[in-house]
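Working notes, structure below.
The values are calculated or read from the model by the stated rules, or taken from the named source; none is laboratory data. A quick note: this is a predicted structure, and the numbers were derived from the prediction, not measured. Every residue, glycine as well, gets a Cβ built from its backbone with ideal geometry; the counts of neighbours run over all protein chains shown.
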Amino acid sequence: MNKVLYLASQSSSRKYLIEQLDIPFQVFPQSADEQACDWTLPLEQLVDSIALHKMESLDCSYLPQWDTTLWVVTADTLGQDGQGRIYGKPRDRVDAINQIKNQRNQWMRVATSYYLDRKKRMDDCWIIDQRVTKTVVSSLYFSIADHEIDAYITKAGALQCAGSITIDGFGAPFVKEVQGSYSSIIGLPLYELMQDLKSLGFYE
C-alpha cells in the first residue's frame with residue numbers, strides 16, 4: 001500500500017497512536033488558534049468545532065504537489081469535570097496543578113473529535129472529495145495525591161495533555177477506571193478512525 005495518511009497534529013500521543021495502525025503516515029504542521037473557537041459551547045460541540053477549525057486552517061502548501069488524492073486527519077481532545085468545567089491544555093505548571101486537583105477523585109468526561117478528509121487535487125488546489133467526522137466521549141476516574149502531582153506533571157508530560165491528564169506511560173498508575181475508548185482518551189479513537197479510513201478507500 002503506497003497511500004499515506006497525513007496527520008495534521010503536533011501531538012506526540014496522536015503520532016504514537018497512528019503508529020499502532022501500521023500504515024504509512026506523515027506529520028505536518030498545525031498552528032490553528034484553538035482559542036478562536038467558542039468555548040461556551042457544550043463539550044461535544046466545542047471539541048468538534050476545534051477539530052474543524054484545525055482542518056479549515058491547514059496550510060495545504062505542506063501537502064505533496066505530485067499526488068492527485070490524499071487523506072488528512074485533524075483532531076482535538078478536551079476534558080470535563082463533574083461540575084461541567086471544560087479543560088484544554090494547561091497554560092503552565094500552576095494551571096496544570098489546578099486542573100488536576102479540580103478533576104481528580106471523580107468521574108470526568110473526555111471527548112475527542114476528528115475530521116478525516118479525502119482530498120483531490122484540482123486546478124492546483126486541494127478540494128474535499130469526501131469528509132468523515134466523529135466525536136467519541138469516554139469517562140475516566142483519575143486518582144492522585146498532592147505529593148504525587150509534581151512528579152506526575154514532569155514524568156507524564158502533563159503540560160501537553162488536555163486537562164493535564166494522561167492515562168498512558170507514567171500516568172497509567174493513577175487511572176482507577178476507564179469507561180469507553182482507551183485510545184480516544186489518549187487522543188484519537190483508533191477503531192473508529194480505521195473504519196472511516198476503510199470507508200474512504202484508504203485500504204483499497
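Results, tabulated for the structure shown:
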quantity	calculated
Where a residue in the stretch 164-177 is in contact (Cβ under 8 Å) with a residue 12 or more places away in the chain and its partner, wherever it lies, is polar (S, T, N, Q) and part of a helix (DSSP H, G or I), with Cβ under 7 Å and at least six apart	164/99; 165/103
Matching entry among 101, 119 (being within 22 Å of residue 166 (Cα to Cα), of a type in the set (Lys, Arg) and touching a residue at least 12 places away in the same chain (Cβ under 8 Å))	101
Entirely in the stretch 88-194, the helices (runs of 4 or more DSSP H) that have 3 or more residues that are surrounded by 15 or more Cβ atoms within 10 Å (Cβ to Cβ), more than 14 Å from the chain's Cα centre (by Cα) and not hydroxyl-bearing (Ser, Thr, Tyr)	93-103, 146-156
Residue within the stretch 59-66 that is more than 30 Å from residue 146 (Cα to Cα) and hydroxyl-bearing (Ser, Thr, Tyr) present	yes
Selection from the stretch 47-77 of residues that are of a type in the set (A, V, I, L, M, F, W, C) and closer than 30 Å to residue 167 by Cα	47, 50, 51, 52, 55, 58, 71, 72, 73, 75
Count of the stretch 37-82 residues which are assigned to a helix (DSSP H, G or I) and hydrophobic (A, V, I, L, M, F, W, C)	8
Residue ID - modelled with the highest pLDDT, chosen from residues in the stretch 10-30 that are in a loop (DSSP other than H, G, I, E, B) and under 22 Å from residue 127 (Cβ atoms)	28
Residue count for the stretch 33-53, restricted to those that are touching a strand residue (DSSP E or B) at 6+ places or on another chain (Cβ under 8 Å) and either loosely packed, with under 15 Cβ neighbours inside 10 Å or at pLDDT below 95 (or both)	2
Pairs, first aromatic (Phe, Trp, Tyr) in the stretch 41-66, second exposed (fewer than 13 other Cβ atoms within 10 Å of the Cβ), C-beta under 9 Å, six or more apart	62/29
